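Data first, discussion second: the structure below is written as C-alpha cells.
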Amino acid sequence: MSRPVRIDFDHPRRLEIEVSKPSVLQRIDVYLSKRLQEFSRTLLQRLIREGRVRVNGRTVKPSYEIQVRDRIEVEVPRVIEPGVVPAAIPIEVIYEDAHLVAVNKPAGFVVHPAAGHWDDTLVNALLHHCGTLPETDETYKPGIVHRLDKDTSGVIVAAKTLAAHAGLSRQFQRRTVEKEYRAIVEGEMELDGDVIEKNMDRHKREFEKMAVVGRGKGKAAVSRYEVIERFAGFTYVRVLPLTGRTHQIRVHMAAIGHPCVADSTYGRRDALFARDLERGAGASEEGEEPLICRQALHACRIRLAHPATEESVEISAPLAADMEATLFALRKRGSRGEAG
C-alpha cells in the first residue's frame, strides 16, 4: 500500500556527496537513486533538470556519467509525510511498564514503516498496543531507540514517553547498553573467543550493504564473541557488539571467515537444509522444508538502566524456533563439544 507524501521545494536541504571509485561508470540519476533511496529516480531526474543538482559547481543532465572524485551538490526537497497508523498485529511483549516496552521480534518483521512496509511493521503494532508513542524528529520511528534487521529475531525495546526516549537514546549513544546475541556461523572457529575490531562503512557499489574498510576510514566497529558449542562445519557463538553499526555482527563474522548461517547478503547460502549437514549430500529434495532460511542471528538479551528509576533492567528472549531446530539437527548429528 502506497502512502501519499507532500514534497516541499520551498525549504530544501543541501547534501554534498563525493564520489569514491565506482566499479563502472554510471549515469548520475542512477547513482543518486542508489545513494538517496528515500527519493524516486523520477524525482531525482526532475531535480537534475531543474538545476538543483550540481557536479563540481556546474549543472548537468540526467545522462551525465559520474567520475571518480566528482563532488555532487543536491538541493533535496523536504518530504512532509503522514503519520504512522496503528495496526492490530499480534506481538509478544516480554516486558512493559509505564515508561518502556520490550518485544520478542520474530524474523521477517520490519521494525518501522518504509517503502513497501507502511502498515505492517513493529511500530504499527506497538502503536495499536500502547495507544500512543512519543513522536521524534523521525516521522516513522516513534518510540524507537534502536533497531534489529528485518530477519534478525529477538529483544527490541521501545520508549513510551518522551523522557524515556531521551534517556534510552543517551544510553545507546554512550554505549552503556549491554546487548547479547546468539549466532550459528559457518565453519569451525579455531579460537574460543576474540574481539573483532574492524571499521565499517557503506559498500562502495551496493549501497544496501555494509563493508569492512581500512583504518582511518568509515566508523569504528567492535564486536566480542565467545564460542558456546562446536559442530562439524558449524559453530554456535555468543556475540556482544560493543558498538552499534548497521549489520555489524553479520559483517564482522563474515569478515573473519565465519558468516552467519543462511545470511543471503553476507554468507554462503540463503537457507540450510537437514540434507546439507550430511557430507557429500546433493541438492535438497523438492518440497523439503529448510531448517532455517534467514540469517541465524538472535538478540537474546539486553541490559540497560531504567530511564525513570536508573535501576538495572535485564530483558531476555528465548531462542527463535528455527535456530532451536537448527541446533537440534546439529546436535543430533554430533556435537564436538563446548568451548574450553
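The values are calculated or read from the model by the stated rules, or taken from the named source; none is laboratory data. Being a predicted model, the structure only gives us computed values, none of them experimental. FYI the Cβ positions are ideal-geometry reconstructions off the backbone, even for glycines, and counts take in every protein chain you see.
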Every residue from segment 239-255 that is in contact (Cβ under 8 Å) with a residue 24 or more places away in the chain and under 16 Å from GLN295 (Cβ atoms): VAL239, PRO241, ARG245, THR246, HIS247, GLN248, ILE249, ARG250, VAL251, HIS252, MET253, ALA255
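Within segment 97-110, identify whether any single residue is more than 30 Å from ALA163 (Cβ to Cβ) and without any contact (Cβ under 8 Å) to a residue 12 or more places away in the chain, and answer yes or no.
There is no residue in segment 97-110 that is more than 30 Å from ALA163 (Cβ to Cβ) and without any contact (Cβ under 8 Å) to a residue 12 or more places away in the chain.
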Which of (1) within 29 Å of LYS150 (Cβ to Cβ); (2) in a strand (DSSP E or B); (3) not assigned by TED's automatic domain parsing to the domain that holds LEU162 does PRO86 not meet, given it meets every other one? (2)
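Could you pull out the residue among ARG238, ARG269, ARG275, ARG230 that is at pLDDT below 95 and more than 22 Å from GLN173 (Cβ to Cβ)? Before the answer, list the steps.
Numbers: ARG238 fails: at pLDDT below 95; ARG269 fails: at pLDDT below 95; ARG230 fails: at pLDDT below 95.
None of the others qualify; the one that does is ARG275.
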Where in segment 160-276 are there strands (runs of 3 or more DSSP E), lying wholly inside it, with at least 3 residues that are under 30 Å from ILE66 (Cβ atoms)? 200-202, 210-212
Residue tally, condition modelled with pLDDT under 95 and among the aromatic types (Phe, Trp, Tyr), over segment 122-174: 1
Restricting to segment 161-204, and then to whatever is acidic (Asp, Glu), surrounded by 15 or more Cβ atoms within 10 Å (Cβ to Cβ) and over 17 Å from VAL313 (Cα atoms), can you tell me which residue is nearest to the chain's Cα centre (by Cα)? ASP201
Residues of segment 111-129 classified as crowded, with 17+ Cβ neighbours inside 10 Å and touching a residue at least 12 places away in the same chain (Cβ under 8 Å), total: 12
Read through the list (1) loosely packed, with under 15 Cβ neighbours inside 10 Å; (2) touching a residue at least 60 places away in the same chain (Cβ under 8 Å); (3) not acidic (Asp, Glu), then give the number of the only condition that ARG35 fails. (1)
